[in-house]
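The values are calculated or read from the model by the stated rules, or taken from the named source; none is laboratory data. The model shown is predicted, which means the values in this text are computed figures rather than measured ones. Ideal geometry is used to build each Cβ from the backbone, glycine not excepted, and the neighbour counts take in all protein chains shown. These area figures cover heavy atoms from the full protein model, side chains too; ligands, DNA and RNA do not enter into them. Shrake-Rupley method; radii C 1.70, N 1.55, O 1.52, S 1.80 Å.
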Amino acid sequence: MRLERYLMTGLLAVFHLWSAELYAQNTATISGYAKSGNNSGLPGVSVAIKGTTTGTFTDESGFFALKNLKPGNYTIEASFIGYEKASSAVTVKAGQNLTLNFNLKESQTDLSEVRVYGKTESQKAREQAFTVNAIETKQYANTTADLNLVLNKTAGVRVREEGGMGSDFNFSINGLSGKAVKFFIDGVPMEIMGSTMSLNNIPVNLAERMEVYKGVVPVDLGSDALGGAVNIITNQGVSNYLDASYSYGSFNTHRTALTGQITSKKGLIVKGSLFYNYSDNNYLMKGMEIWDETEYKYVNRDFRRFHDRYMSVMGQLEAGVVNKKWADVLFAGVSYSANDQHIQTGTRQDVVYGGVTKNGNAFNTTLRYKKDDLFTKGLNVNLFASRSVDSYIVTDTTGYKYYWDGSRVRTSLGEINAAKSVTNINRPRTFSRMNLSYGLSKNHSINLNYTFDHLRNENYDELITDHADIPGILSKHIVGLAYQHNLLEDRLTYTLFGKYYGIGVQQSRYVSATGEYSQANDFQSNYGYGVASRYKLKGDLGVKVSYEKAYRLQEVGEMFGNGYTVVANLELKPESSQNFNLGAYYGFRVNKHKVFLEVSWFYRQANDFIYSVVYRSNSSVSRFENTSKVKIDGLEGDIKYTYGDLVNFNLNVSYQNAINNTKYSVGSSGNNIEATYLNKIPNQPWLFGNADLMIGKNDLIGKNSRLQFNLGSQYVHWFYLTWEAFGNKAGKSIIPDQFVHNASVSNSWKNGMYNISVECKNFTDNLAYDNFRLQKPGRSYAVKLRYFIR
């Protein structure tokens with residue numbers, strides 16, 4: 001196991017040395033930004049070398065890079081629909097990184113005059129064979145949104161939080177949720193950064209764009225993402241910049257974010273990110289049931305949350321180089337994150353806690369290396385390795401039972417469990433990944449990915465002992481191999497792929513016959529496969545189809561428990577699912593009017609679903625088991641409209657029919673059909689939609705300024721909280737229709753250097769519920785100040 005653990009780290013060093021010796025050709029790079037008249041970055045600008053077919057396209061921030069150029073004289077042209085073409089003559093020397101910027105002026109340029117060499121990264125993502133949502137975060141940069149809030153606006157995605165800032169949440173894509181969905185930052189699993197990192201505490205300023213893969217996931221992510229994956233892409237440019245922001249809002253909520261990059265004259269790049277979040281989360285809980293001694297009955301009243309404080313902090317630093325003869329990218333990094341959280345409720349809002357806390361921290365070191373055209377043209381390598389330690393403590397020692405009015409009654413028990421406890425969880429982790437891709441020819445390529453993930457789980461109650469008596473080890477091996485073929489001048493593309501999932505488990509088990517512990521080892525292997533294809537009928541009109549037999553390996557908390565409310569189950573099997581997508585998209589542009597339409601149908605057949613169930617009739621303790629089968633099908637549609645930089649409108653609707661496909665329960669004789677067979681899965685929305693409108697005007701409040709108004713609405717149709725087969729219709733527990741509206745107004749000066757915004761969430765103060773009918777905050781206000789310089 002030790003050899004496997006450090007295999008990928010060793011490969012990193014070997015590739016590093018070989019590439020330095022075998023790749024010695026002197027090249028140059030030309031990079032910079034294409035900007036509009038108001039000095040804001042223009043995405044999608046074609047930047048090319050005149051008289052050649054060498055070119056690229058600017059990203060969402062307007063950045064471009066022409067790499068691997070031979071020394072010499074060039075004329076660089078920049079062109080974009082609706083703007084006058086610009087050009088510049090340059091001379092580059094061997095090893096030089098030349099900076100070149102373009103300021104484009106508006107015109108009525110005809111489409112035929114523009115030579116297109118590529119597309120924005122978001123456009124490329126949407127036109128993949130895989131079903132994927134591409135979300136640009138630029139329009140949310142001046143808001144207090146976290147990544148969860150932005151993702152919750154996209155088709156097919158539902159993020160259901162259990163409260164305010166920092167609360168637990170359930171993230172679903174097309175009906176599959178929980179551990180079935182994986183999260184990545186720049187292609188690296190977010191979980192290796194520790195449990196204190198979460199989508200609901202990462203500010204939107206740290207992301208440049210996000211990609212949501214639905215059901216069928218490409219092999220280069222190297223993951224067991226059965227339900228889908230979210231990849232958060234940060235700023236990958238090489239220019240210096242600083243982005244700093246602070247916001248203050250209702251419930252004593254503070255958010256601070258700082259991210260930046262600086263490049264030395266010798267080419268050393270240092271990147272840094274920092275964020276801090278704090279909130280009392282003391283929002284009003286409406287209509288809570290409490291015993292009234294004077295009236296001698298239960299009454300419904302409003303109370304503020306009184307034990308829900310949350311704080312989180314994260315710092316990350318990376319240093320490295322780019323565009324060297326021996327490495328396109330080489331960075332070493334370190335990060336630290338921590339949180340301090342008071343826990344107000346259990347899974348139901350009538351269970352009130354007043355003293356339970358959870359505190360955690362995580363430390364992580366990373367090394368990443370990337371080189372294109374290694375040894376030979378077309379062979380690209382991407383290596384990543386990390387070592388992290390994740391720890392947290394759950395304290396339950398108050399000895400009181402609390403109520404919503406803040407009153408309490410003395411007991412000898414803990415609030416969560418029957419006994420008081422101080423549960424310690426420690427999880428050191430080694431992670432490594434290798435991705436190799438090779439272009440066999442212009443239209444044929446292969447991709448190989450290997451991921452190794454080794455984690456040690458230690459949990460103990462410090463009121464009983466000071467160490468873990470029976471630590472567990474979980475190791476995962478995931479291998480993916482894909483072949484891509486492009487035909488008909490790239491109008492038709494398909495990808496065939498296969499995946500291997502291996503998981504090893506080690507933990508001591510108690511042997512009742514001897515009264516001793518013995519070491520148990522187990523290893524499971526599974527194989528998946530799939531295909532994804534896209535056909536362009538013409539221009540921006542295309543159809544997509546994809547299929548995958550996917551697996552989701554067991555997680556450490558499911559196998560080994562959490563030490564206080566969840567017990568171990570070493571007999572768990574991986575989840576599996578048959579995932580199928582069929583969709584079409586169409587985009588067109590008329591002058592400044594741009595429209596993009598997309599519709600898709602999806603089908604999921606999941607088996608061996610891992611659910612949490614009550615363990616041995618002890619309602620305070622649960623464990624995870626393979627208990628059910630679920631079938632999901634549905635439709636979703638998305639329409640986007642933009643008019644220059646004045647109007648941006650987005651509307652999406654999602655319908656999903658998730659039913660229990662388990663005919664006979666686990667352990668039954670097979671004669672009695674489950675009462676909930678073919679029932680809709682409870683506590684899960686099945687019809688929801690989002691609408692967002694952005695209106696902005698440049699130079700309205702001074703030169704080089706921009707005033708912007710955002711309005712967003714979200715609708716969730718009513719759904720059952722419990723199984724529809726139980727009880728009569730009038731007595732069923734339901735979560736009612738919800739219609740929530742948010743609004744914000746912002747203004748920027750000096751081409752986005754100085755920014756201020758004011759926003760109101762849920763401005764109609766409608767009652768909003770989420771997971772298990774837990775109330776979310778009502779109307780709230782916030783103001784944000786942001787400084788950005790490049």
Where a residue in the stretch 544-555 is over 12 Å from Y529 (Cβ atoms) and its partner, wherever it lies, is basic (K, R) and outside any strand (DSSP E or B), with Cβ under 6 Å and at least six apart: E555/K179
Suppose the filter is open to solvent by 80 Å² or more (accessible area, probe 1.4 Å), in a strand (DSSP E or B) and not hydrophobic (A, V, I, L, M, F, W, C); does Y787 pass it? no
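Residue-wise test of (1) within 28 Å of S264 (Cβ to Cβ); (2) assigned by TED's automatic domain parsing to the domain that holds N581; (3) of a type outside the set (S, T, N, Q); (4) modelled with pLDDT under 80.
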position	(1), (2), (3), (4)
T99	yes, no, no, no
F102	yes, no, yes, no
K105	no, no, yes, no
V114	no, no, yes, yes
Q128	no, yes, no, no
N133	no, yes, no, no
E136	no, yes, yes, no
From the options I473, I478, residue that is of a type in the set (V, I, T) and either open to solvent by less than 30 Å² (accessible area, probe 1.4 Å) or modelled with pLDDT of 95 or more (or both): I478
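Yes/no matrix, rows are residues, columns are (1) outside any strand (DSSP E or B); (2) farther than 21 Å from L206 by Cα; (3) aliphatic (A, V, I, L, M):
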{"site": "Q261", "(1), (2), (3)": "no, no, no"}
{"site": "L274", "(1), (2), (3)": "no, no, yes"}
{"site": "N281", "(1), (2), (3)": "yes, yes, no"}
{"site": "T294", "(1), (2), (3)": "yes, yes, no"}
{"site": "D308", "(1), (2), (3)": "yes, yes, no"}
{"site": "L317", "(1), (2), (3)": "no, no, yes"}
{"site": "N339", "(1), (2), (3)": "no, no, no"}
{"site": "D350", "(1), (2), (3)": "yes, yes, no"}
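Residue-wise test of (1) in the same structural domain as N97 (by TED's automatic domain parsing); (2) surrounded by fewer than 20 Cβ atoms within 10 Å (Cβ to Cβ); (3) modelled with pLDDT under 95.
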{"residue": "V321", "(1), (2), (3)": "no, yes, yes"}
{"residue": "T365", "(1), (2), (3)": "no, yes, no"}
{"residue": "D373", "(1), (2), (3)": "no, yes, yes"}
{"residue": "S386", "(1), (2), (3)": "no, no, no"}
With a cut-off of at least 3 residues that are in contact (Cβ under 8 Å) with a residue 60 or more places away in the chain, name the strands (runs of 3 or more DSSP E) lying wholly within the stretch 115-218. 132-136, 157-161, 169-173, 209-214
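May I ask you to list the residues in the stretch 525-542 that are at pLDDT 90 or above, over 26 Å from the mean Cα position of the chain (by Cα) and surrounded by 15 or more Cβ atoms within 10 Å (Cβ to Cβ)? Outline the logic, then answer.
Of the stretch 525-542, the ones at pLDDT 90 or above are 525-537, 541-542.
Adding the requirement that they be over 26 Å from the mean Cα position of the chain (by Cα) leaves 525, 535-537, 541-542.
Once the filter is applied, which keeps residues that are at pLDDT 90 or above, over 26 Å from the mean Cα position of the chain (by Cα) and surrounded by 15 or more Cβ atoms within 10 Å (Cβ to Cβ), the stretch 525-542 yields Y535, K536, G542.
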Selection count where residues are open to solvent by less than 40 Å² (accessible area, probe 1.4 Å) and in contact with a Phe, Trp or Tyr (Cβ under 8 Å, 6 or more places away or on another chain), scope the stretch 350-363: 6
When you check T430 against the structure, is it in contact with a helix residue (DSSP H, G or I) (Cβ under 6 Å, 6 or more places away or on another chain) and open to solvent by less than 20 Å² (accessible area, probe 1.4 Å), yes or no? yes
If we scan the stretch 722-732, do we find a residue that is among the basic types (K, R) and open to solvent by less than 40 Å² (accessible area, probe 1.4 Å)? yes
Among the numbered criteria (1) more than 23 Å from M753 (Cβ to Cβ); (2) touching a Lys or Arg at 6+ places or on another chain (Cβ under 8 Å); (3) open to solvent by 30 Å² or more (accessible area, probe 1.4 Å), which single criterion is violated by N73? (2)
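Conditions tested, residue by residue: (1) under 18 Å from K358 (Cα atoms); (2) exposed (fewer than 15 other Cβ atoms within 10 Å of the Cβ).
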{"position": "D390", "(1), (2)": "yes, no"}
{"position": "Y402", "(1), (2)": "yes, no"}
{"position": "V409", "(1), (2)": "no, yes"}
{"position": "L436", "(1), (2)": "no, no"}
{"position": "G439", "(1), (2)": "no, no"}
Residue in the stretch 721-737 that is closer than 30 Å to N205 by Cβ and either without any contact (Cβ under 8 Å) to a residue 60 or more places away in the chain or in the same structural domain as W404 (by TED's automatic domain parsing) (or both) present: no
Going through V334, V299, V270 one at a time, which residue ends up being within 30 Å of L69 (Cβ to Cβ) and in a strand (DSSP E or B)? V270
Is there any pair linking a residue in the stretch 574-593 that is farther than 17 Å from L537 by Cβ to one that is open to solvent by 70 Å² or more (accessible area, probe 1.4 Å), with Cβ under 7 Å and at least six apart or on different chains, and which? F580/Y603; K592/Y643; H593/Y643
Here is a check on your reading of the model: is G752 at positive phi and crowded, with 19+ Cβ neighbours inside 10 Å? yes
Only listed residue being over 29 Å from the mean Cα position of the chain (by Cα), crowded, with 18+ Cβ neighbours inside 10 Å and touching a residue at least 60 places away in the same chain (Cβ under 8 Å), chosen from Y460, Y450: Y460
Name every residue in the stretch 219-243 that is among the hydrophobic types (A, V, I, L, M, F, W, C) and assigned to a loop (DSSP other than H, G, I, E, B), in order of residue number. A225, L226, V238
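For the stretch 552-563, give me each residue that is open to solvent by less than 30 Å² (accessible area, probe 1.4 Å) and either in contact with a Phe, Trp or Tyr (Cβ under 9 Å, 6 or more places away or on another chain) or at pLDDT 95 or above (or both). So that I can check it myself, show each step before the final result.
So the first thing to find is which residues in the stretch 552-563 are open to solvent by less than 30 Å² (accessible area, probe 1.4 Å), and the list is 552-562.
Correct list: R552, L553, Q554, E555, G557, E558, M559, G561.
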Residues of the stretch 703-720 that turn out to be farther than 19 Å from N652 by Cβ and either outside any loop (DSSP other than H, G, I, E, B) or open to solvent by 40 Å² or more (accessible area, probe 1.4 Å) (or both), as a count: 8
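Got a number for residues in the stretch 31-79 being polar (S, T, N, Q), touching a helix residue (DSSP H, G or I) at 6+ places or on another chain (Cβ under 8 Å) and outside any strand (DSSP E or B)?
At the first step, the residues of the stretch 31-79 found to be polar (S, T, N, Q) are 31, 36, 38-40, 46, 52-54, 56, 58, 61, 68, 73, 75, 79.
Next, only the ones that are touching a helix residue (DSSP H, G or I) at 6+ places or on another chain (Cβ under 8 Å) stay: 61, 79.
Then keep just the ones that are outside any strand (DSSP E or B); that gives 61.
Going through the stretch 31-79 one residue at a time, the tally reaches 1.
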